[in-house]
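Q: Could you have a look at this structure, given as structure tokens, before my questions?
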Amino acid sequence: MFFLYTLLTEVVQQLLKIVALFNPKIQLFVNGRKDVFKTLQTKLSKEDKTIWFHAASLGEYEQGLPVMEKVKIKFPNHKIVLTFFSPSGYEVRKNNTVADVTIYLPLDTKSNAKRFLDIVNPEIVFFIKYEYWPNYLNELKNRNIKTYLISGVFRKKQAFFKWYGGFYKNALKSFNHFFVQNNTSKELIQSLGFTNVTVSGDSRFDRVVAILEKENTLDFIETFCKNPSHEFKMTTIVIGSSWPKDEELLVNYINRTSHRLKFIIAPHNIKPDQIANLKSEIAKKTVLFSEMEGKNLADYDVFIIDTIGILTKIYSYADIAYVGGGFGNPGVHNILEPATFGIPIVIGPNYSHFAEATALVHQEGCISINDQKTMNQALDLLVQNPDERHEKGHICSTFVQMNKGATDKILKQLL
């Protein structure tokens, strides 16, 4: 089975080069890996001591970030090498300041794994949440390099727990320790015979708690949120990481509501044609981030953020947050960022894969909606009842504070 996996990976590596000619995302995936080894040789010397973090995509990066920051402080003489598998992670965070080298991870072939580790030669390796690459893991084990899983999540449907997953299960022997998010994951990994496991929690809570200590002021958002006479801040609904299905329902609500509100929309996809289409469907006075220069933002009802990197700060101005993705697969985007600011949250129906969303819906800090009717009811409830808003927001902020501390647990055991 392992032989077939390795052979298939080699074949896929060649096929992707053909697919990349017709698919822009795959093109980023392929082109981004062309100069990986050259970049590593340029930025690292044989004398460098290194620590390697691997994140599948943006969400995993956010989970690993608190640990990376603490490790950087604890090991100031080491260089941090950060790899991504997905373009959606690398392209957004390729200019981060925590890592000394940020690159795509070469595909999981035997030759790539050996060449990568020959150059990087890490003393410690962290895989974040999941993505278990057998060739890399086997090579790490062969070299006796300390390897850890942090913020890990295990589910019964994963290959480790299937009849055909023996070689995947064997790759797990490369890990010195598993730091997992919950007891279910601990029990599952223990069922495979592993005892080197600790329930540390989700380090994303540490990242969002740290957001509160940062400067989150955005003068242009502050101006927009005020009423036209600049006398007071109006009730503001921030819509983060929205997809077309979310936007369809939200636009209907925006166009029909008689409440005096401000709406800020930060879509997941900011392609110009999609932004233009979204703006054209909104009947109320709307302005784009890219076109705001020279405009009195307080005069507008809707502000579309057609840029990236500022949504977290924007949440600090919200009275209500809608987080998108809940009508798609695997489901809702990051709800912890608005939650840390003590904001009530509305999401779509697909959230069962996310423990924090499931918990907050159960605790009633977060409202899950299914259609236009339930969206209208949820938003009207929160708009019309400040006490309800504050109570649900308090549940959200308390939930975040109660679950922080994963990073310290990991570092304490590691050191």
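The values are calculated or read from the model by the stated rules, or taken from the named source; none is laboratory data. Just so it is clear, the structure is predicted and the values come from calculations on it, not from any experiment. Every residue, glycine as well, gets a Cβ built from its backbone with ideal geometry; the counts of neighbours run over all protein chains shown. What goes into the accessible areas is simple: the full protein's heavy atoms, side chains included, and nothing from ligands, DNA or RNA. Shrake-Rupley method; radii C 1.70, N 1.55, O 1.52, S 1.80 Å.
Q: Scan segment 370-415 for residues that are out of contact with any Leu (no Cβ under 8 Å at 6 or more places or on another chain), of a type in the set (A, V, I, L, M, F, W, C) and in a helix (DSSP H, G or I) and jot them down. Break it down into steps so the answer makes sense when it comes.
A: Residues of segment 370-415 out of contact with any Leu (no Cβ under 8 Å at 6 or more places or on another chain): 370, 373-374, 376-382, 384-387, 390-391, 393-394, 397-398, 401-415.
Keeping just the survivors that are of a type in the set (A, V, I, L, M, F, W, C) gives 378-379, 381-382, 402, 406, 410-411, 414-415.
Of everything in segment 370-415, those that are out of contact with any Leu (no Cβ under 8 Å at 6 or more places or on another chain), of a type in the set (A, V, I, L, M, F, W, C) and in a helix (DSSP H, G or I) turn out to be Ala378, Leu379, Leu381, Leu382, Met402, Ala406, Ile410, Leu411, Leu414.
Q: Moving to a separate point now. Quick one: how many residues across segment 351-390 are polar (S, T, N, Q), surrounded by fewer than 16 Cβ atoms within 10 Å (Cβ to Cβ) and within 25 Å of Asn403 (Cα to Cα)?
A: Of the residues in that region, 3 qualify.
Q: With the requirement that a residue be under 19 Å from Thr236 (Cα atoms) and open to solvent by less than 10 Å² (accessible area, probe 1.4 Å), what does segment 324-339 give you?
A: Gly324, Ile335, Leu336, Pro338, Ala339
Q: Additional query: Among the residues of segment 102-145, what is the count of those that are open to solvent by 10 Å² or more (accessible area, probe 1.4 Å) and either on the phi > 0 side of the Ramachandran plot or of a type in the set (Phe, Trp, Tyr) (or both)?
A: The number of residues fulfilling the criteria is 7.
Q: Only one of Asp108, Asp118 is at pLDDT 95 or above and among the acidic types (Asp, Glu); which? Walk me through how you get there before you give the answer.
A: Working: Asp108 fails: at pLDDT 95 or above.
Just one listed residue meets the conditions, Asp118.
Q: Return the residues of segment 343-369 that are over 15 Å from Gly325 (Cα atoms), part of a loop (DSSP other than H, G, I, E, B) and in contact with a Phe, Trp or Tyr (Cβ under 8 Å, 6 or more places away or on another chain); say none if nothing qualifies.
A: Residues satisfying the conditions are Ile343, Gly365.
Q: Another question about this same structure. What about Thr407, is it without any contact (Cβ under 8 Å) to a residue 12 or more places away in the chain and surrounded by 14 or more Cβ atoms within 10 Å (Cβ to Cβ)?
A: Answer is no for this residue.
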